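S.K.: Structure below; questions to follow.
The values are calculated or read from the model by the stated rules, or taken from the named source; none is laboratory data. Since the structure is predicted, the reported quantities are computational estimates derived from the model, not experimental observations. Cβ: placed from backbone, ideal geometry, glycine included. Neighbour counts: every protein chain shown.
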Amino acid sequence: MPIYEYRCEDCAKLSSILVRSPKTAPAPICQHCSGTRLKKVMSKVGRLKTQGDVVQEYGTPRPGESYSDPRQIGTWVERRFESYGMPVPDETRKMIDAAREGELPGPAGDL
Ligand SMILES: [Zn+2]
């Protein structure tokens, strides 16, 4: 039996609803506010990345990305967060600021 995810138009939260048969299924009801204005979401895009996921994925620079220009430090991190519509977490922000002031994270390069 498939499980579909719905996003509530009232509270914007996701509900996972087990659908026994798509033809006879009753209208989905929000599990959070009992609203009925639910929109089915594809699980692929329905899964919002958590802050932890993003840090895990983008917390370290990829090979080839260098800190050669202090003004570029953290810029790509900020862009990643922006692309997910999330504010840069305080810890990350502090790290970026410190790096821009010369405290490069990780093993010191030959700067
Ligand atoms: Zn709701």
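S.K.: What pairs come up if the first residue lies in region 16-42 and is closer than 12 Å to Ile3 by Cβ and among the hydroxyl-bearing types (Ser, Thr, Tyr), the second is within 12 Å of the ligand (Cβ to nearest atom) and at pLDDT 75 or above, and their beta carbons are under 9 Å apart, counting only those six or more places apart or on different chains?
M.R.: That search, which allows pairs on different chains as well, returns Ser16/Tyr6; Ser16/Gln31.
S.K.: So which residues in region 6-26 are out of contact with any Asp or Glu (no Cβ under 6 Å at 6 or more places or on another chain), within 13 Å of the ligand (Cβ to nearest atom) and not polar (S, T, N, Q), if there are any at all?
M.R.: Tyr6, Arg7, Cys8, Glu9, Asp10, Cys11, Ala12, Lys13, Ile17
S.K.: While we're looking at this one, here's another question. Among the residues of region 11-47 satisfying the criterion of being at pLDDT 60 or above and under 30 Å from Arg93 (Cβ atoms), which is surrounded by the most Cβ atoms within 10 Å (Cβ to Cβ)?
M.R.: Filtering first and then ranking leaves Leu14.
S.K.: Between a first residue in region 76-101 that is outside any helix (DSSP H, G or I) and a second residue that is surrounded by 14 or more Cβ atoms within 10 Å (Cβ to Cβ) and modelled with pLDDT of 85 or more, which pairs have beta carbons less than 9 Å apart while being 6 or more apart in sequence or on different chains?
M.R.: Pro87/Arg93
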